[in-house]
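A.B. asks: Just passing along the structure, written as structure tokens.
What follows is calculated from the coordinates using simple rules that are stated; it is not laboratory data. This structure is a prediction, so every number in the text was calculated from the model and none was measured. With ideal geometry, Cβ positions are generated from the backbone for all residues, glycine too; neighbour counts draw on all protein chains shown.
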Amino acid sequence: MNYNPTAHDQMELLALKALCYADDHVGESFEMKHVSEWLGISYSYFYHSFTAVMGEPYWQYVKRHRLELSAGLLRHSGYNISEIGELSGYATVAAYTKAFTQHFNKSPRGFRKIDTLPNEKRTLEMVDVIVQAFDKKGGLITPYFSFERVEPDTLPDSILFYNLISRGQDPIGQMILKMSREEERLRNILSNYNLPNAKIITSTLDSIPVTNYEKISVYAGILIPSREVSTQLMNAFMAENLMSKHVPGGHYLRLPLPMDFATAGIPMYEFINRNVREGIFKMSGNHFFISLVAPNVCVIYIPHMKQLI
């Protein structure tokens, strides 16, 4: 029996594509009409359907997403405020500072001085619970999240073909439930192509811990060096309803772990946050991810500013 998507399914797919468009154009100027034209639907239908599916107007999402990503850069990168404003799509420091202050009730400079963010406290509490639980079983996690185990690596500019597998309510819980099936689907897609440098990866489009947990969008996808992506491959992956985004190349820190992605996910943030706050390294962007190597093997990749290590 052929599956016929319902009107709500179609609305949700269009909304998710629009969300992904916003993420892939964070530093660029665009208008809602550009997105509706890209989706091939009317402006009015786009406006109302996105709000109905996502619970907030599209431009409100775009603004929030940009400011949250910029807050992540304030937290973990070595960029100055002017550079962060530009990376977030603001033409001037004044415009960025005004928008940021209105959203967070703190100036970018003041935000950088906060010791513990409201959402961060919750994230760290989750870390403590998970780490303690596993440590009671023989110290399975803590020893592996050590900077001494980190390996420097360089990744090329890449294209990520991905699907949002969970968002809203309990996104991490949904991800864990859905990941096995999605990973199998992605590996089946890859099996038709000779792409030895491709990676199956997972992460979030958002900035942890700035983004509220219930608004996080978690993805699973195939990361491929841009030089290996042909028009034919692009079309084939799009036919699988996979979205695409550019992932910048550059210097990365590589941390191999003998555990599955779910076990590694929460301590990963604590590891990043601790080392950044101690001045061990600074991130060059929010695009860290987990590469799924085998059932109980994964590798964390963290983009970093090499000169600051």
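A.B. asks: Strictly over 25 Å apart at the Cα level, which of 121/199; 63/199; 17/63; 33/106 would you flag in this model?
C.D. replies: Violating the 25 Å Cα-Cα cut-off are 121/199; 63/199; 33/106.
A.B. asks: Also, I was wondering about something else. Which Cα, out of 101, 264, 193, lies furthest along the positive dipole direction of the chain (beta carbon charges, K/R +1, D/E -1)?
C.D. replies: Value computed over the given set: 101.
A.B. asks: Around residue 293, which amide H atoms from residues at least 5 apart in sequence, or from another chain, sit under 5 Å from its own amide H, with H modelled in the peptide plane?
C.D. replies: The answer is 298, 299.
A.B. asks: In what sequence, highest mean first, do 102-115, 46-59 appear when ranked by Cβ atoms within 10 angstrom?
C.D. replies: Going from most to least packed, we get 46-59, 102-115.
A.B. asks: Right, something else. Express in nm, to one decimal, how much length is gained between residue 214 and residue 235 on full extension, taking 0.36 nm for each residue of separation and deducting their alpha carbon distance.
C.D. replies: 4.3 nm
A.B. asks: Which GluC sites (Glu not before Pro) from the stretch 218-270 combine a DSSP loop assignment with at most 16 other Cβ atoms within 10 Å?
C.D. replies: 240
A.B. asks: Shifting gears a bit: 222 nm [θ] for the chain, helices only, -39500 (n - 2.57) per DSSP H run of 4+, per residue, to 500?
C.D. replies: The helix-only estimate for the chain comes to -15000 deg cm²/dmol at 222 nm.
A.B. asks: Using only Cα atoms, locate the centre of the stretch 267-309 and the centre of the stretch 3-68, then give the distance between them in Å, rounded to an integer.
C.D. replies: Here the answer is 30 Å between Cα centres.
A.B. asks: Another question about this same structure. What relative contact order, as a whole-number percentage, does the chain give when Cα pairs under 8 Å and 6 or more residues apart are counted?
C.D. replies: Result for the chain is 20 percent.
A.B. asks: Which of the aspartates and glutamates could a cross-linker bridge to residue 306, judged by Cα under 19 Å and excluding same-chain residues fewer than eight apart?
C.D. replies: Within reach: 83, 148, 151, 153, 157, 278.
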